[in-house]
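What follows is a single structure, written as structure tokens, with notes after it.
The values are calculated or read from the model by the stated rules, or taken from the named source; none is laboratory data. Small disclaimer: the values here were computed from a predicted structure and weren't measured. In this analysis, Cβ positions are derived from the backbone assuming ideal geometry, glycine residues included, and neighbour counts consider all displayed protein chains. Areas reflect the complete protein model, heavy atoms only, side chains present, ligands, DNA and RNA absent. Shrake-Rupley method; radii C 1.70, N 1.55, O 1.52, S 1.80 Å.
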Amino acid sequence: MLFFGQHGYRVIAHDRRGHGRSSQTGGGHDMDHYADDLAALTAHLDLKEAVHVGHSTGGGEVVHYLARHGESRAAKAAIISAVPPLMVKTAANPGGLPKEVFDRLQAQLAANRAQFYYDLPAGPFYGDNRPAAKPSQGVIWNWWRQGMMGGAKAHYDGIVAFSQTDFTEDLKKIDIPVLVMHGDDDQIVPIGAAGLMSAKILKNATLKVYPGFPHGMPTTNADQTNADLLALVQRSHKASA
């Protein structure tokens, strides 16, 4: 956000319901509500020609929002390390992860959320479990801080929302250009059943695979991520004060 603000763009972010600084509501922690919340925000701010950028679960929100509410306010999108088309393994999605993986995440969150929210960024999220990794304690604790700001119920239910929502039909409905960005060492959302598949389903996709990048590439590889997003925006959007 700082990067694009410095380049003259208006930059807007929202905290998903139950997450961050948003109200810790007890219900509505599903993709339909996430998309409807985003639609309400874009309408309230009267946004036009917006470029939507979503990372991980946020990529699912962007896709579901565009399919559910249309593209009249959007110019293009980028999904980074994103969960579409479907994370969980099913008969129709044999490359997905077994449901037991996500059940374990919910069990770990319910048992000791504070420890779970340290272990995730200190391990696979940023690739800090790789032999050549150089973990940043500041980054790890900042992830923990942001996680612990939200509500446990929202986080618990959100695991089902991001893992079991099938975005296949949503992807088929999107006409605007979409940049699909994914690291090939993503241990959270493996590229094979995610970015590679989404790029095939989207009508107007550009796929960019980043060798060795982890799931948290917007942080670990911010310079490359920001440069590629800026190139996407500048293809038809010029910076304005």
When you check Ala82 against the structure, is it touching a strand residue (DSSP E or B) at 6+ places or on another chain (Cβ under 8 Å), open to solvent by less than 10 Å² (accessible area, probe 1.4 Å) and not in a loop (DSSP other than H, G, I, E, B), yes or no? no
Within the range 179-220, residues being without any contact (Cβ under 8 Å) to a residue 24 or more places away in the chain and out of contact with any Asp or Glu (no Cβ under 6 Å at 6 or more places or on another chain) number 3
For the structure I just gave you, tell me whether Val233 is open to solvent by less than 40 Å² (accessible area, probe 1.4 Å), in a helix (DSSP H, G or I) and touching a strand residue (DSSP E or B) at 6+ places or on another chain (Cβ under 6 Å). yes
Whichever residue in the range 114-153 is charged (D, E, K, R) and open to solvent by 40 Å² or more (accessible area, probe 1.4 Å) and, among such residues, is farthest from Ala222 (Cα to Cα): Lys153
Do you know which residues across the range 154-175 are open to solvent by 20 Å² or more (accessible area, probe 1.4 Å) and either over 26 Å from Thr90 (Cα atoms) or of a type in the set (Val, Ile, Thr) (or both)? Val160, Thr165, Thr168, Asp175
Could you list, in sequence order, all residues of the range 1-35 that are without any contact (Cβ under 8 Å) to a residue 60 or more places away in the chain and over 30 Å from Asp223 (Cβ atoms)? Ser23, Gly27, Gly28, Asp32, His33, Ala35
Ser22 being open to solvent by less than 40 Å² (accessible area, probe 1.4 Å), hydroxyl-bearing (Ser, Thr, Tyr) and assigned to a loop (DSSP other than H, G, I, E, B): yes
Tell me whether the range 50-68 contains one or more residues that are part of a strand (DSSP E or B) and more than 27 Å from Pro124 (Cβ to Cβ). yes
State all residues of the range 47-71 that are in contact (Cβ under 8 Å) with a residue 60 or more places away in the chain, open to solvent by 50 Å² or more (accessible area, probe 1.4 Å) and on the phi < 0 side of the Ramachandran plot; if no residue qualifies, say none. Val53, His55, Arg68
